[in-house]
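The block underneath contains the structure these notes are about, expressed in structure tokens.
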Amino acid sequence: MIYRAVVTRAFLCKVQGVHFRVGSAYLSADSARIAYLQSGGYLGKEETEEPNQASTTASDQLPADDAFLIPQDGASAVDDATAAGGGNPVASAAPAASDQDDSNDDSRLEHVGGGYFVLPNGEKVRGKENALAALEALDAVAVALQEEE
């Protein structure tokens, strides 16, 4: 049996590792966990759900096959794909021209705010120039390690 409760106070679930916002639904099969969070004032009244009546799946939220998605940069690849093949416009859409302008290094960096970037190895660096330099250093080390093998 799955228990569902509405979040009344935002919290980070230590069990699931997910941040829950006020008004969102908290789902758990552990009634003791729900009771513990309710006693702390994090959850409201619980409701039970049958396993076959669980919340909507991702496939329920997909648009119909004949639905058209409007690209941000204007009508380009999506319109061409639907006019040529008629099928699903999302599956055959090419990336927008603005996506191709970004370098490969920029896509490997994750901006986490405050001028900090996370490298692929998990290291946090302040400043984009410093992050790009550190990324090049990581690449150089990776190439050197591959040459040794």
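Only the coordinates and a few stated rules stand behind these numbers; no lab work does. All of these numbers come straight from a predicted model, not from anything done at the bench. Don't worry about glycine lacking a Cβ; one is built from the backbone with ideal geometry, like all the others, and counts go over all protein chains shown.
A compact table of results
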| quantity | calculated |
| --- | --- |
| Cβ-defined net charge surrounding Phe11, 15 Å radius [Lys, Arg +1; Asp, Glu -1] | +4 |
| Region 102-148 - Debye-derived log10 I(q)/I(0), Cα point model, q = 0.33 Å⁻¹ | -1.24 |
| Hull volume in cubic angstrom per residue (convex hull over the Cα atoms of region 2-52) | 71 |
